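J.: Questions regarding the structure given below will be posed in turn.
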Amino acid sequence: AGVEEKVVAVIGDSTFLHSGMTALLDAVYNGSSITVLVLDNGITAMTGHQDHPGTGVSAKGVPTRAVDIAEVVRALGVDDVQVVNAYDLPALRKSLQGAIERPLPSVVIARGLCALRNREKGEPMRVQQGKCNTCGLCLRVGCPAISQHDGRIEIDPGLCVGSVCGLCAQVCS
């Protein structure tokens, strides 16, 4: 297509397993300098939180062998494969920057259980109102527990999974 810049594609784990593998195979086969970011949250979030081949639970709800996305990516010919904790923003940023700089197909798998499905809860995060400058960076995370009311940022402790996630604290300036 004549694109000279490095291309970055973002795809979810379920969509990758259902229709993204062939596109990645074609990119590798054609020597594309693409970086693919796979958001592996262990669920088919866009259609109601169903399991998929990567979860290890069949459509009948029976435990089965889970497909390892990193193994699939390597089998498709990608040598530069990194699996990163989705909730560790500095590590994710570093992995992505490195992958984008390399002139070969690369895949970064950001793995972290969907916060809406996570049964584990840590201590809910709290806004330190005296330190909050209401810049709104935490709102951009897209967390359903964070909202703004009457000019104040608030976190609903009933929705917050706390230290299991912690993305809001990582982006807070």
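J.: What number of residues within region 116-144 are more than 29 Å from residue 7 (Cβ to Cβ), part of a loop (DSSP other than H, G, I, E, B) and touching a residue at least 12 places away in the same chain (Cβ under 8 Å)?
T.: Of the residues in region 116-144, 18 are more than 29 Å from residue 7 (Cβ to Cβ), part of a loop (DSSP other than H, G, I, E, B) and touching a residue at least 12 places away in the same chain (Cβ under 8 Å).
J.: Next up: Within region 145-158, work out how many residues are more than 19 Å from the chain's Cα centre (by Cα) and part of a loop (DSSP other than H, G, I, E, B).
T.: 5
J.: Mind checking which residues of region 50-75 are of a type in the set (Gly, Ala, Ser) and either under 19 Å from the mean Cα position of the chain (by Cα) or not in a loop (DSSP other than H, G, I, E, B) (or both)? Spell out how you get there, then give the answer.
T.: If we filter region 50-75 for residues that are of a type in the set (Gly, Ala, Ser), which is where we start, we get 54, 56, 58-59, 61, 66, 70, 75.
Listed by number, the residues that qualify are 54, 56, 66, 70, 75.
J.: Here's another thing I want to ask about it. When you check residue 26 against the structure, is it open to solvent by 40 Å² or more (accessible area, probe 1.4 Å) and modelled with pLDDT of 80 or more, yes or no? Write out each step before concluding.
T.: Values: open to solvent by 40 Å² or more (accessible area, probe 1.4 Å): yes; modelled with pLDDT of 80 or more: yes.
Yes.
Residue-wise test of (1) under 24 Å from residue 171 (Cβ atoms); (2) out of contact with any Asp or Glu (no Cβ under 9 Å at 6 or more places or on another chain).
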| site | (1), (2) |
| --- | --- |
| 10 | yes, yes |
| 24 | no, yes |
| 36 | yes, yes |
| 57 | no, no |
| 83 | yes, no |
| 87 | yes, yes |
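J.: Same structure again: Open to solvent by 30 Å² or more (accessible area, probe 1.4 Å), farther than 22 Å from residue 166 by Cβ and β-branched (Val, Ile, Thr): is that true of residue 10 in this structure? Steps first, answer last, please.
T.: Values: open to solvent by 30 Å² or more (accessible area, probe 1.4 Å): yes; farther than 22 Å from residue 166 by Cβ: no; β-branched (Val, Ile, Thr): yes.
So residue 10 does not fit the description; no.
J.: Residue 153 is checked against (1) modelled with pLDDT under 90; (2) surrounded by 16 or more Cβ atoms within 10 Å (Cβ to Cβ) and fails just one. What number does that condition carry?
T.: With (1) modelled with pLDDT under 90; (2) surrounded by 16 or more Cβ atoms within 10 Å (Cβ to Cβ) applied to residue 153, the lone miss is (1).
J.: Now a separate question. Out of (1) in a loop (DSSP other than H, G, I, E, B); (2) surrounded by fewer than 16 Cβ atoms within 10 Å (Cβ to Cβ); (3) modelled with pLDDT of 95 or more, the odd one out for residue 78 is which?
T.: Failing condition for residue 78: (2).
J.: How do the pairs read when you match residues in region 150-168 that are closer than 20 Å to residue 110 by Cβ with residues anywhere that are polar (S, T, N, Q) and surrounded by 14 or more Cβ atoms within 10 Å (Cβ to Cβ), using Cβ under 9 Å and keeping only pairs 6 or more apart or on different chains?
T.: Sorted first by the residue in region 150-168, then by its partner, the pairs are 161/118; 164/118; 165/118.
The values are calculated or read from the model by the stated rules, or taken from the named source; none is laboratory data. Because the structure is a prediction, the values reported are computed rather than measured. FYI the Cβ positions are ideal-geometry reconstructions off the backbone, even for glycines, and counts take in every protein chain you see. Ligands, DNA and RNA are stripped out before the accessible areas are found, and what is left, the full protein with its side chains, is counted by its heavy atoms. Shrake-Rupley method; radii C 1.70, N 1.55, O 1.52, S 1.80 Å.
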